[in-house]
Amino acid sequence: MDRIVVATDGSPSSREAVQLALELAKEHDSKLYFVHVVPELHVVPTNGFGMLGAMPREITEEDQEPLHEAEACAEEEGVWARTATLRGDVVDEIVAYADNLAADLIVVGSRGHGTLTSALLGSVSRGLLSESRRPVVVVRGPAGIEAQATASR
């Protein structure tokens, strides 16, 4: 295993994904590619009646923070790592990035939203499992570091 893509957004589950990826990288002498995807648009309420609008979203320093944190962890562990901030649909961008790198594995955290929330907001981990042709490891939350490895397709 040479190249591992790790999606991070700074959430507790993505921090666990970073830790698992660091362990795998050390064990297999792999290179880590940390990615964070920023949506093209920012959805905002337009009035008090549930109406929503969309505005272009700029990349901020806050968006970069999860990548800086992950890169610092890799440096501390002596693991080779690079970071990338991507723009667009989260699942599509991660899959395309992994494909362009010919990554051997994608690691992502799962926030563990319930069925209703996942149906409304979508699930990045579920999307990656269905869209990627590469193996995907989904790391479930910090409450009992339980990793579920699922090779897609």
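General remarks:
- Selection from region 57-83 of residues that are in contact with a His (Cβ under 8 Å, 6 or more places away or on another chain) and aliphatic (A, V, I, L, M): Leu67
- Of all residues in region 56-88, those that are among the acidic types (Asp, Glu), under 15 Å from Gly10 (Cα atoms), surrounded by 12 or more Cβ atoms within 10 Å (Cβ to Cβ) and out of contact with any Ser or Thr (no Cβ under 9 Å at 6 or more places or on another chain) total 1.
- When restricted to residues that are out of contact with any Gly (no Cβ under 6 Å at 6 or more places or on another chain) and either at pLDDT 50 or above or surrounded by 15 or more Cβ atoms within 10 Å (Cβ to Cβ) (or both), region 114-139 contains 17.
- Condition check for Glu146 on (1) closer than 23 Å to Leu22 by Cβ; (2) acidic (Asp, Glu); (3) at pLDDT 95 or above: one failure, at (3).
- Screening the candidates Ser110, Ser14 for the property of being modelled with pLDDT under 90, polar (S, T, N, Q) and buried (at least 20 other Cβ atoms within 10 Å of the Cβ) yields one hit, Ser110.
- Residues of region 12-43 classified as more than 17 Å from Val91 (Cα to Cα) and in contact (Cβ under 8 Å) with a residue 24 or more places away in the chain, total: 15
The values are calculated or read from the model by the stated rules, or taken from the named source; none is laboratory data. Since we're looking at a predicted model, the values are computed, not measured. All Cβ positions, even for glycine, are placed from backbone atoms using ideal geometry, and neighbour counts span all protein chains on display.
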